[in-house]
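Right, one structure below, let's go through it.
The values are calculated or read from the model by the stated rules, or taken from the named source; none is laboratory data. As the structure is a computational prediction, the values presented were derived from the model and not from experiment. Here the Cβ is made from the backbone with ideal geometry for all residues, glycine too, and neighbour counts use every protein chain on show. Areas reflect the complete protein model, heavy atoms only, side chains present, ligands, DNA and RNA absent. Shrake-Rupley method; radii C 1.70, N 1.55, O 1.52, S 1.80 Å.
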Amino acid sequence: MATRAADLLGVVHARPGVTRAEATRVVGMGTGAAAEVVARLVHDRLLGETPAPPSGSRGRPTTLLAAHPQGPLVLAAEITHAAWRVRAVELGGGVLAAEQGEHGSTTWESVRAEVAAAAQALRRSYDGRVRALGVAVPGPVSAALRADAVSLGWRDVDLRRLWPEAPVLVAGNDATLAAAAESRRGAAADASVVLHLRVEAGLGGAVVDHGVPLSGATGAAGEFGHMPFGDPAVACPCGAAGCWGTAVDGTALARLLGRTAPRDHVAYARRLIRGAVPGSPERDAVEAVAAALGRGTAGLVNGIDADVVTLAGLGVDLLDAAPRELGAAYRAGLMAYRRQSPPPLVPAALGEDGPVVGAADQAWASLVSTLA
Ligand SMILES: [Zn+2]
């Protein structure tokens, strides 16, 4: 597709309901050329155009651009340590349908079969309109779409098998996709350098530098939970000792309380953080874990010079439950000159939807460049 038409679809995806006049200005087209390109995209059912309500100002009336009601769709899938979901998403991010489930077994074959069946069902119900799949997984993804996920026991699985004939299939680490979505349309939309941290089973994250996520040489950047900010006596499932992730998640809370962490230690941590009453051993453990999160975050902010930190997963629960302890440890770990105006720690605006929204955005970005 002509670049300008693809650019125009990209603008409408980022800002559904944008006026034609504004989209034209952003893309840098003349009014006549824009009318022609829009007419062709509407004719090809790639774009919907409706009259704008009267603005009261002078000038010719414009139109509003959004998804075509019969236009192409992407599927966005997210696989977590415990569950999966698949959404059918139109241009602009609107969710038309969704399927979800919990893992019966966490083996790749079992999860693959469930997600592939859900994707196939959604493709059938939209009869040829689904043109791409984006996948978020809890671990690094290589350029060849092979993934590792420590929390699921997956090593070098082939994500293409989720939809072998997919016209477009893209995949990424869940935290990286969420970070990109936060910087595009979430809590970090005005930031230059975003540090996104997601505490779930361990801790993952991403850095987005002026809109571009740092992916690393092998797609494995952002494994901040495996920096040695934790107790060197604690072994991590990754094979290293003293990983930060083991100091901030449900396993850390259980260890501090002298208990054994249950299999779903994310749900365990969430219950414990929300229910801890002041003065209880649970509350002390929550405060210690919040401080460990704050201290490590300061180290990262010192190192990468982020101007905002977005927190997701259990990071939000810890920020809600123990803001003083988390904030004090964060400020104490910052270099003095940063303390006058510390980069804010804020909950991710997209919340738990960050990875799946990011997967849809990535699928749309790839699809738009292939549409004819
Ligand atoms: Zn580790």
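Report those helices (runs of 4 or more DSSP H) wholly inside the stretch 299-372 carrying at least 3 residues which are surrounded by fewer than 16 Cβ atoms within 10 Å (Cβ to Cβ), touching a strand residue (DSSP E or B) at 6+ places or on another chain (Cβ under 7 Å) and without any contact (Cβ under 8 Å) to a residue 24 or more places away in the chain.
By residue number, no helices (runs of 4 or more DSSP H) qualify.
D353: in contact with a Pro (Cβ under 8 Å, 6 or more places away or on another chain) and either more than 25 Å from R283 (Cα to Cα) or polar (S, T, N, Q) (or both), yes or no?
no
Only one residue in A206, A191, A144 is in the same structural domain as A82 (by TED's automatic domain parsing), at pLDDT 90 or above and touching a helix residue (DSSP H, G or I) at 6+ places or on another chain (Cβ under 9 Å). Which one?
Step by step, each of A206, A191, A144 is checked, and only A144 is in the same structural domain as A82 (by TED's automatic domain parsing), at pLDDT 90 or above and touching a helix residue (DSSP H, G or I) at 6+ places or on another chain (Cβ under 9 Å).
For D174, work out the one condition from (1) under 24 Å from A359 (Cα atoms); (2) more than 16 Å from the chain's Cα centre (by Cα); (3) of a type in the set (D, E) it doesn't fulfil.
Of the numbered conditions (1) under 24 Å from A359 (Cα atoms); (2) more than 16 Å from the chain's Cα centre (by Cα); (3) of a type in the set (D, E), the odd one out for D174 is (2).
Consider R198 against the criteria (1) under 18 Å from the mean Cα position of the chain (by Cα); (2) farther than 19 Å from V266 by Cα: it satisfies all of them except one. Which criterion is unmet?
R198 satisfies every listed condition except (2).
Condition check: open to solvent by 30 Å² or more (accessible area, probe 1.4 Å) and touching a residue at least 24 places away in the same chain (Cβ under 8 Å). Does R263 satisfy that?
So R263 does not fit the description; no.
Which pairs do you get when a residue that is at negative phi and in a strand (DSSP E or B), found in the stretch 68-93, comes within reach of a residue that is surrounded by fewer than 23 Cβ atoms within 10 Å (Cβ to Cβ) and aromatic (F, W, Y), reach meaning Cβ atoms under 9 angstrom, with the pair 6+ apart or on two chains?
That search, which allows pairs on different chains as well, returns L73/Y126; L75/W163; A77/W84; E78/W84; A88/Y126.
Out of (1) without any contact (Cβ under 8 Å) to a residue 60 or more places away in the chain; (2) over 21 Å from L350 (Cβ atoms), what's the single condition that is false for S142?
So the condition that S142 fails would be (1).
For the stretch 268-278, which positions are surrounded by fewer than 19 Cβ atoms within 10 Å (Cβ to Cβ) and touching a residue at least 12 places away in the same chain (Cβ under 8 Å)?
Y268, R270, R274
Kindly evaluate A166 against the criterion of being under 18 Å from the mean Cα position of the chain (by Cα), within 28 Å of V11 (Cβ to Cβ) and either of a type outside the set (K, R) or open to solvent by less than 40 Å² (accessible area, probe 1.4 Å) (or both).
Considered against the rule, which asks whether it is under 18 Å from the mean Cα position of the chain (by Cα), within 28 Å of V11 (Cβ to Cβ) and either of a type outside the set (K, R) or open to solvent by less than 40 Å² (accessible area, probe 1.4 Å) (or both), A166 comes out as no.
Quick check: anything in the stretch 4-15 in a strand (DSSP E or B) and closer than 30 Å to A178 by Cα?
Looking through the stretch 4-15, none of the residues is in a strand (DSSP E or B) and closer than 30 Å to A178 by Cα.
M29: modelled with pLDDT under 95, part of a loop (DSSP other than H, G, I, E, B), hydrophobic (A, V, I, L, M, F, W, C) and under 31 Å from the mean Cα position of the chain (by Cα), yes or no?
When the stated conditions are applied, M29 does not pass them.
Kindly check whether there is at least one residue in the stretch 337-346 that is farther than 30 Å from S105 by Cα and β-branched (V, I, T).
yes
Based on this model, can you work out whether G101 counts as surrounded by fewer than 17 Cβ atoms within 10 Å (Cβ to Cβ) and not assigned by TED's automatic domain parsing to the domain that holds G134?
Taking the combined requirement at face value, the residue does not satisfy it.
Looking only at the stretch 276-291, count how many residues are more than 23 Å from the chain's Cα centre (by Cα) and outside any loop (DSSP other than H, G, I, E, B).
Of the residues in that region, 10 qualify.
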